[in-house]
1. When only residues in segment C:107-139 that are charged (D, E, K, R) and open to solvent by less than 40 Å² (accessible area, probe 1.4 Å) count, which is farthest from C:Y288 (Cα to Cα)?
2. Would you mention how many residues in segment C:192-214 are of a type in the set (V, I, T) and open to solvent by 40 Å² or more (accessible area, probe 1.4 Å)?
3. C:I262 - would you say it is away from chain B (no Cβ under 13 Å), open to solvent by less than 40 Å² (accessible area, probe 1.4 Å) and either farther than 21 Å from C:I95 by Cα or without any contact (Cβ under 8 Å) to a residue 24 or more places away in the chain (or both)?
4. What are the residue pairs meeting all of these: first residue in segment A:240-254, first residue within 13 Å of C:S226 (Cα to Cα) and more than 9 Å from chain C (Cβ to nearest Cβ), second residue small (G, A, S) and crowded, with 24+ Cβ neighbours inside 10 Å, Cβ atoms under 9 Å, and 6 or more apart or on different chains?
5. If I ask for residues that are closer than 26 Å to C:I344 by Cβ, at the interface with chain B (Cβ under 10 Å from one of its Cβ atoms) and open to solvent by 10 Å² or more (accessible area, probe 1.4 Å), which ones from segment C:52-72 would you list?
6. Quick check, is B:V66 under 20 Å from B:S196 (Cα atoms), open to solvent by 20 Å² or more (accessible area, probe 1.4 Å), touching a Ser or Thr at 6+ places or on another chain (Cβ under 8 Å) and modelled with pLDDT under 95?
7. Could you look through segment C:257-289, keep only residues that are in a loop (DSSP other than H, G, I, E, B) and of a type in the set (D, E), and pick out the one that is nearest to the chain's Cα centre (by Cα)?
8. Being open to solvent by 30 Å² or more (accessible area, probe 1.4 Å) and at pLDDT below 95 narrows it down to one of C:Q104, C:Q100, so name that one.
Amino acid sequence: MSASTATAPARGLRAPARGTLLGYLLLLPAVAVIVLLVIVPMAVIARQSFALSDPLLGGTMGGFTWDNYAKLFDPVYAKTMGYSLGLAALNAAVCLVVGYLLAFYISTRPANRQPVLLMLVIIPFLTDFLVRTFAWITLLGSGGPYVRIARALGFDASSLVPSQFAVIMSLLYAFLPVAVFPIYASMRAIDPSLREAASDLGAGWWQTHRRIFIPLSATGIGSSIMLTFVPTLGVFVIPVLLGGGKDPLVGNLIVTLFTEFRNEPMGAAMSMVVLVLMLASVAVITGLLRLLSIRSNRRAA
Amino acid sequence: MDRVVAWFCRLVFVFLYVPIVAVVVYSFNASEVSYRFTGLTTHWYSDLFHDDRLLATLRTSIVVGVLAALVATAIGFLTAFSLARFQVKGRAFFLGAILIPLIVPEIVIGVSLLEVFSSIGMQTGILTLVLGHIVITLPLATLVQMGAMAALDPSLSEAATDLGATGWITFRRVLFPLLRPSVLAAFLLSFTTSFSNIVISTFTSGVGSTTLPLRIYSSLRTGLTPELNALGTLLVLFTLVVIFLVGVRQMRRILA
Amino acid sequence: MKTKALLAAGLAATSVLALGACGSSSSGSTASSGSKSSDSGGNQTLAIYAWAGEIPDSVIDGFEKETGIKVTVDTFDSNETMIAKLATGKSGYDIVEPSQYAVQLMVQRNLLDTIDKSKLEGFDNLNTKFVNPSFDADNAHSLPWAWGTTGILYNEKCTGGEITSWSDLWDSKYKGKIYMLNNMLSAYIAGLQVQGLSATTTSQADIEKATTKLLEQKPLLAGYNSDNYADLVGSGDACIAEAYSGTTAAKAVQANQDVHFIMPSEGGTLWTDSFSIVNGTKNQTAAYQWLNYTLKPEVAALLTDDGSLATANSAALDQIKNEDLAKSPAVYPSDAQLAKAEFIVDPGEALTYYQDGWTKVSAS
């Protein structure tokens, strides 16, 4: 992702000519982590995706084959992939709207209240994920308050678990902080005088956001989209507990391949496909953001 | 319109706390099954306080979460700062690589990390847990802080330099205060991400280092006990109280 | 400044929590390198890797008290992740609790030690039904500890009558109120037995027939669920579900008198989880002490009293204090119900047929 590639040279902390060596030095810890804990393990996975699987014992037998990839062309997998991508896009869109508004709201509160509000966003996540998920099941289930209240009001309500609605709602719930924080971080760094200038000029709400806040927080928005869209593919508990487990996501499929199917090579191949697809969509998102930011820069100039 | 947004956001906060209220209410539920509320009890709290093994997993999770979040936030800060302030080559490749842990399903990262750790003869334990959690929290910490740095007004540091401030002083007095909220945001997000991770922990934990979510996830098979609601309630209340106390003290300081 | 203070407060809060939890974890699982100490000497340790909820705290406490050995118990949620951890050869565990098919796999991968029967006391206490099982001849590598069945959990109020057969899981009367276990081999148990086929079949034709049957069933299902189906049946969200006997089933039956656990007339299946010694353990003596301790009838009885699970120890049956559990069909189905139950083993090479079928079922 290189949303900042697009924006940084134009704006942001402009790079001074001197001190580039310092720039590389600052990157060293991250490079160490990425090489040792990301690239090396991924190389292992890439290798395994071409290995023969050992169907009896699990694990891999070495060797080289394209079979693991060839099998993925089965329409069965394409269907799961399509469904997952659709759900991921929907989740990212819902999270973006809610996350953007919440981030904007928090960043316009008095400065000393903001950290408290930020903490309020994150505190629910100190309870365990499964405990929260089961709380939703209780709330939306047939013995829970949703059904009782709706029936008391005269509606013919029944349990919302399992349902697509429950899945989307709990995805929003799970990903909301991740959607809010990057946008908030960008908004917070926007010069407050711009804000005042905008309101002094009497620009409308949408105009102000379209011209000022959205372009200036584009990097945060990009991060937010990425952090919600991409990991949705790997989700595997929510579709089962709230969605009934009849429509597995790619995450469920890969877990099944690695565990029940004892087919690490095919799980690895599937992961590589997901990786390539995701990097491609990240490139698309980044490209769109770059266009957005170039346009806004041109307008500003 | 701002008023509509404000009301909408208040509703979002309500939404965030609805299941928490349920957790609190059901932590006092006398019935062991969640679909029925049969009366009040504090039984689950006393169970919790006597469940040394569960509390030990909580301690493991907190230690791992704090360590992983500190390291990830620090590295993320340096990375974001470098990428925003210096023209380094290969940034697109670099950012792509940092994103990989978000893209690849966690089970794949977990399995491959376990293979790497075991091939270099590292026994799984707290250290491997922390390393595994750094992998998944680093992209979050970096992206959050990068957002803030990209939005900073470049004229700020230029102005400071014009006024004769050195690089370090500009950073400390001008830039860092503006970035501090994003550092906090990165830390909080990293901590909760680590604190609730199941899959990476499955593969990187070792003897005696079962984390809380791991324990809860594996006990799904025999059913979650309301004791876990009690634990969730206490964690949330405790944090709220701390924040409230700090908040009150700050207000006093401002008023004094 | 405020942010800084808050950050500091947050850190302080988390560290206080850490210390608090630390202080209270006086005994039991402390984070330490489990198996470093040698056999001799007072500071012995034992690291156990087991299914959650299958070793009651009372068993561990009793063992620690009697032997002075410090026990660490970690839990896993699937045989496959457990095997992945042990396959590194450096897991540090001494005792592990695999399910029956996992014992087979682990023996083939040389992950388990052979159990020296001469060092055991009380082997005769074990239920003969689980001794010398097909997956581990002569119990060379595993001692059965817990057992259970795969059958049906249903809510009588919802079904409106007694349920006796797998075929009820295919009854369109209950459309949208049926759950199947979210696990390939478990789902195939019903898919095979409902057609009169064996649940341990390795025949491709049989497995394909079962696949067709499962595909036929999917539109009727509310979902696949291995986690909270017992709650769903209890609350009436589900009428009928494929289910495991044991803790959750017992709880559901106890909490709601309309809920029943039965073995289907087609047979159902049996499973066992056993204790094995990890190959290469440095704590041999302690490991045998654990095996002998858990072979004691009064200790094995705690599995039912405190864990609501069936013990594989026949001598323990008289020692169970909780009569309700000892008689509960959700924990101990009657011999008549168990008469046709099949013992599930690893399908071996036939696994691919199951996988192909299950992939179709999941994506349909």
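The values are calculated or read from the model by the stated rules, or taken from the named source; none is laboratory data. No experiment lies behind these values; they were computed from the predicted model shown. Because the Cβ atoms are built from the backbone with ideal geometry, glycine has one as well, and the counts that use them run over all protein chains shown. To get the accessible areas, we keep the full protein, side chains included, count just its heavy atoms, and leave off ligands, DNA and RNA. Shrake-Rupley method; radii C 1.70, N 1.55, O 1.52, S 1.80 Å.
1. As a first pass, look at segment C:107-139 and keep what is charged (D, E, K, R): C:109, C:113, C:116-117, C:119, C:121, C:124, C:129, C:136, C:138.
So of that shortlist, the ones also open to solvent by less than 40 Å² (accessible area, probe 1.4 Å) come out as C:113, C:136.
On the way: C:D113: 11, C:D136: 19 Å.
My answer is C:D136.
2. 3
3. On the way: away from chain B (no Cβ under 13 Å): yes; open to solvent by less than 40 Å² (accessible area, probe 1.4 Å): yes; either farther than 21 Å from C:I95 by Cα or without any contact (Cβ under 8 Å) to a residue 24 or more places away in the chain (or both): yes.
Here the answer is yes, as C:I262 does meet what is asked.
4. A:L242/A:S170
5. C:G53
6. When the stated conditions are applied, B:V66 does not pass them.
7. Step by step, filter segment C:257-289, then rank; the result is C:E266.
8. C:Q104
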